[in-house]
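The values are calculated or read from the model by the stated rules, or taken from the named source; none is laboratory data. Note that the structure is a prediction, hence the values are computed from the model and not measured. We place every Cβ from the backbone using ideal geometry, glycine too, and count neighbours over all the protein chains shown. Ligands, DNA and RNA are stripped out before the accessible areas are found, and what is left, the full protein with its side chains, is counted by its heavy atoms. Shrake-Rupley method; radii C 1.70, N 1.55, O 1.52, S 1.80 Å.
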Amino acid sequence: MPTLISQPSRIEASGNKPKVIEEYVGRVNSETAGASVAHMRSPEGWQEPGQTPDFDEYTVILRGALRVEHKGGTLQVSAGQAVITQAGEWVRYSTPFPGGAEYIAVCVPAFSPDTVHRDR
């Protein structure tokens with residue numbers, strides 16, 4: 001039987017500035033461990049610590065642009081584009097561009113603070 005998700009849960013974000021994370025599907029909002037789906041809005045100048053997560057992440061940019069740093073360089077992912085990062089790969093996300101960014105992130109398996117492995 002289908003499950004209606006009537007509203008997301010706000011999740012606390014890491015980083016140097018406030019970022020909005022609204023989880024629709026995942027460990028917090030729907031008790032789903034297999035995948036998570038979150039709507040993100042990060043301000044201009046936001047940056048989070050680097051991470052080496054135990055999950056694949058699929059990110060679709062709705063507005064603005066997201067910078068994705070990785071061991072091989074840097075990507076700028078703009079509205080209408082997407083990026084895939086693999087489990088075990090070091091990445092760091094930021095929105096240094098005017099207006100910040102709005103995007104959807106899907107993690108498989110679901111995001112967890114215990115499996116994101118942020119840099120210290």
Charge dipole (the chain, unit charges on Cβ, about Cα centre) - positive-most of Leu62, Pro96, Thr74 | Pro96
With all protein chains present, the chain has a carbon and sulfur share of its accessible area (1.4 Å probe) in percent of 53
In whole angstrom, note down how far apart the Cα centers of the range 57-107 and the range 6-39 are.
-> 17
Please work out how much length the chain gains when fully extended from Arg118 to Gln86, using 0.36 nm per residue of separation minus the C-alpha to C-alpha distance, in nm with one decimal.
-> 10.0 nm
Using all C-alpha to C-alpha distances in the range 1-51, build P(r) with 10 Å bins and read off the rounded percent in each one.
-> 25, 46, 23, 6, 0
Student exercise, the chain dipole from Lys, Arg, Asp, Glu Cβ charges, in Debye to nearest 20 | 300
Extension length gain for Ala33 and Val108 (0.36 nm per residue less Cα distance), in nm, is 26.1 nm
Can you work out D for the range 65-120 in µm² s⁻¹ from Stokes-Einstein, where Rh is the Kirkwood radius over C-alpha pairs, the temperature is 25 °C and the viscosity is 0.890 mPa s?
-> 195
Per the 1/(1 + (r/R0)^6) rule, R0 = 22 Å and r from the Cβ atoms of Lys17 and Ala79, FRET efficiency to 0.05 is 0.65
Enter the accessible area of Thr32 (Å², nearest 10), with the probe set to 1.4 Å and all protein chains included.
-> 50
Cβ-defined net charge surrounding Glu48, 9 Å radius [Lys, Arg +1; Asp, Glu -1] = +3
Enter the accessible area per residue of the chain (Å², integer; probe 1.4 Å; all protein chains in place).
-> 55
